[in-house]
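Trainee: Got a structure for you, written out below as structure tokens; questions coming shortly.
The values are calculated or read from the model by the stated rules, or taken from the named source; none is laboratory data. Just so we're clear, the structure is a prediction, and the values are computed from it rather than from any experiment. A quick note on method: Cβ atoms are made from the backbone with ideal geometry, for glycine too, and the neighbour counts reach across all protein chains shown. Just so you know, the surface numbers come from the protein's heavy atoms only, side chains and all, with ligands and any DNA or RNA stripped out. Shrake-Rupley method; radii C 1.70, N 1.55, O 1.52, S 1.80 Å.
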Amino acid sequence: MEPVKLWLQRNLKGDPVLWGIVLLFSFISIAVVYSATGTLAYKKMGGNTEYFLFKHTGLILVGLVFMWGAHRIDYRYYSRLSLYALLLSVPLLLFTFFFGGTTLNDASRWLTIPIINQTFQPSDLAKLALIAHLASMLSRRQQHVQDFKTTLLPVMLWVGLICGIIIMSNASTALLLFVTCLLLMFIGRVPLKQMVVMVAIGLVVGGVGLASGQRYKTVVSRISSFTDKSKPVPFQLEHSYIAIATGGLTGKGPGKSTERNILPHPYSDFIYAVIIEEYGMTGGAFVLFLYLAFLYRGLKTVMNSAGAFGGLLSAGLSFSLVLQAMVNMGVAVGLGPITGLPLPLLSMGGTSLIFTGISIGIILSVSRGEMEVRPMTDQPSDTPRIPKKTAYA
């Protein structure tokens, strides 16, 4: 037992509670996705229910490997990498929308990676890159954060460009990313007056992007269905309500969901309804608690961070994941219009699991950097630290 403990201490750095939360999410995800993909397996794989179990488990393991790799890198390097990732994500987003996107559900959001035949959403890369670069810009300009030309203008250009492109094919993702950026600006001490200007620009750019994109009619229809109570409840929500109502307090038991055979995308968009049906309100509350615990540990890293970049980076990535989770769960219980967003860390996914793993790995990298002994240097917080013996050379 002692060698295992020593190995874990050497190889799994950073917040141990955060590691535990992520591993617990992984086990829950494997169990629930295996149950929710039963009908899909019979339709597409001739009854081979283990196919999606092994595929999803493999992707989770790959995501954990990427998370481990990301947490081993000094988080200060992500300041420089974020700009390169942004410059790569813009042409990928444009190419996906205008030329080579794989169309699913009437939206061109995916690129298919050759050879492995795996779909990939460039918006996942763009989200991660924008949050990291925004944290970098705000941390480097903390002394000039009220200067519009040197600070606010570059921030607005990048946020407007990325969110404006994404909203043409994925309105809910663009809106969540924009809200995350606003939260990051608030934490980064951007004046409220400047943020109001940012919101006004966002409404204009977002409106133009939505109107000229692929999802305008879908967005209007979903908002209308949610706000107009005279209209019948959408099919997805109706069966989500049935799943929640029949789950009761303790649920029907693992693998005993019936609505998984009727709900569209029960392994992704409406996996929370399946969780409540099988594990009851108790299981649903436990999942909610895990997300809140994840947010708390991410924000605790912010409070312990000695530098602005690490704190802003951890806060932005934590808010991004948990806000998406709250929206997904809110949709399942009828608190918001249908969005099509998956439940992070639990829904079945492809490369999205990898980008989620990288995001959590970066949060762990920040906590790892702050937990280790920091040398006394006058070095800026967003560059790799210099060993103490050479700091004053």
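Trainee: What distance in nm separates the two pseudo spin-label positions at Gln143 and Leu249, each 7 Å out from Cα along the beta-carbon direction?
Mentor: In this crude label model, Gln143 to Leu249 measures out at 6.1 nm.
Trainee: So how strong a dipole does the chain carry about its Cα centre when Lys and Arg Cβ are +1 and Asp and Glu Cβ are -1, to the nearest 20 debye?
Mentor: Values: 31 positive and 17 negative charges, 130 e Å.
Using only the charged Cβ atoms, the result is roughly 620 debye.
Trainee: On a 26 Å Cα-Cα criterion, which of the cross-link pairs Lys229/Lys252; Lys44/Lys229; Lys43/Lys252 come out too long? Before the final figure, lay out the partial values.
Mentor: Numbers: Lys229/Lys252 30 Å; Lys44/Lys229 37 Å; Lys43/Lys252 24 Å.
Those over the limit are Lys229/Lys252; Lys44/Lys229.
Trainee: When you count, for each residue, the other Cβ atoms within 10 Å and take the mean per peptide, how do 169-178, 197-206 rank with the highest first? Write down the numbers at each step before the final one.
Mentor: On the way: 169-178: 23.4, 197-206: 15.6.
Going by the mean number of other Cβ atoms within 10 Å, highest first, we get 169-178, 197-206.
Trainee: May I pose another question? Taking the Cα centre of segment 212-350 as the origin and placing charges on Cβ (Lys, Arg +1; Asp, Glu -1), which of Ser225, Gly311, Gln236 is farthest toward the positive end of the dipole?
Mentor: Value: Gly311.
Trainee: Which number do you get for Rg(Cα) / (2.2 N^0.38 Å) in the chain?
Mentor: Details: Rg = 21.6 Å, N = 393, 2.2 N^0.38 = 21.3 Å.
So the chain has a normalised radius of gyration of 1.01.
Trainee: Around Leu182, under 15 Å between beta carbons, what's the net of Lys plus Arg minus Asp minus Glu among the other residues? Mind showing how you got there, number by number?
Mentor: Numbers: positive: Lys127, Arg189, Lys193; negative: none.
Charge balance near Leu182 sits at +3.
Trainee: Sticking with this structure for a sec: Taking θ = phi - 60°, what integer Hz values does the Karplus form 6.51 cos²θ - 1.76 cosθ + 1.60 yield along segment 196-203, in sequence order, with x for Gly and Pro?
Mentor: Coupling constants for segment 196-203: 4, 4, 4, 5, 4, 5, x, 5 Hz.
Trainee: Taking a probe of 1.4 Å, how large is the accessible area per residue of segment 51-94, in Å²? Don't skip to the end; give the middle numbers.
Mentor: Values: 2270 Å² over 44 residues.
With the other protein chains kept in place, segment 51-94 gives 51 Å² per residue.
Trainee: What are the semi-axes of the equivalent ellipsoid of segment 206-265, taken as the square roots of 5 times the eigenvalues of the Cα gyration tensor, listed largest first and rounded to whole Å? List each step's numbers first, then the result.
Mentor: Numbers: eigenvalues 206, 38, 17 Å².
Output for segment 206-265: semi-axes of 32, 14, 9 Å.
Trainee: Which order do the peptides 76-84, 352-360, 259-267, 46-54 come out in when sorted by mean C-beta neighbours inside 10 angstrom, highest first? Working shown, then result.
Mentor: Working: 76-84: 17.6, 352-360: 23.9, 259-267: 21.4, 46-54: 13.4.
The densest-packed peptide leads the list: 352-360, 259-267, 76-84, 46-54.
Trainee: Oh, and also: With a probe of 1.4 Å, find how much accessible area segment 185-317 has per residue, and write the answer as a whole number in Å².
Mentor: Roughly 49 Å² per residue, with all protein chains present.
Trainee: Rank-order 275-283, 295-303 by packing density, defined as the average count of other C-beta atoms within 10 Å over each peptide's residues, highest first. Mind showing how you got there, number by number?
Mentor: On the way: 275-283: 22.4, 295-303: 19.0.
Packing proxy ranking, top to bottom: 275-283, 295-303.
Trainee: Moving on. Round to the nearest 0.05 the FRET efficiency obtained for Leu87 and Leu335 when R0 = 25 Å and r is the Cβ-Cβ distance. Working shown, then result.
Mentor: Numbers: r = 38 Å, r/R0 = 1.50.
Plugging the Cβ-Cβ distance into 1/(1 + (r/R0)^6) gives 0.10.
Trainee: Hey, can you grab everything whose amide H is under 5 Å from the amide H of Gly213? Only 5+ residues off in sequence or another chain; H modelled, so Pro and N-termini drop out.
Mentor: none
Trainee: Would you calculate the convex hull of the Cα atoms in segment 27-98 and tell me its volume per residue in Å³?
Mentor: Details: hull volume 8.7 nm³, N = 72.
Considering the Cα atoms of segment 27-98, their hull volume per residue is 121 Å³.
Trainee: Still on this model: If r is the Cβ-Cβ distance from Thr57 to Ile242 and R0 is 35 Å, what FRET efficiency results, to the nearest 0.05? Before the final figure, lay out the partial values.
Mentor: On the way: r = 29 Å, r/R0 = 0.83.
Using R0 = 35 Å, I get an efficiency of 0.75.
Trainee: Keeping the other protein chains in place, figure out the carbon and sulfur percent of the accessible area of segment 1-85, with a 1.4 Å probe.
Mentor: Working: 3330 of 4760 Å².
Carbon with sulfur: 70 percent of the solvent-accessible area.
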